[in-house]
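The structure appears below as structure tokens.
FYI, it's all coordinate maths here, none of it is from the lab. No experiment lies behind these values; they were computed from the predicted model shown. Cβ: placed from backbone, ideal geometry, glycine included. Neighbour counts: every protein chain shown.
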Amino acid sequence: MAVTIRFHKDLDLEEAIQYRAGQKVALKQRPEEVDTIIEYDPMMVPPIQLMNDPHPRYPEELILVAQQPAVSLGSFKTSGNSKVQYLDLWGRVSLISKSS
């Protein structure tokens, strides 16, 4: 059974993949301090939870820290509990599947 995921206009699928768990980021206010994203939850406002910061953050507050090229396979839940799987190959993200 195929499921169509309809995102709110402000929720961008690429944003959810870009700010996935494990991604290294720095706050624009403190660019010298690198932290790790532990969760991106589109139902949370702001949607990004960092490992060493008690306050959730918006993408506009963060700088993505370049990581060594790698291959990773991951997934995240969207609003409505749909699951999106992706493959990240040297910074090029490909969607694998969307399911509920």
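Give the cross-link partners of Lys83 among the aspartates and glutamates, using a straight C-alpha distance below 13 Å as the criterion and excluding same-chain residues fewer than 8 apart.
The reachable aspartates and glutamates, counting only those whose Cα sits under 13 Å from Lys83, are Asp41.
In nm, give the distance between the simple-model label positions of Glu32 and Lys83, each being 7 Å from the Cα along the Cα-to-Cβ direction.
With each label placed 7 Å out from Cα toward Cβ, I get 4.3 nm.
Full-extension gain between Asp41 and Ile63, please, as 0.36 nm times their residue separation minus the C-alpha to C-alpha distance.
Separation in residues times 0.36 nm, less the Cα-Cα distance, equals 6.1 nm.
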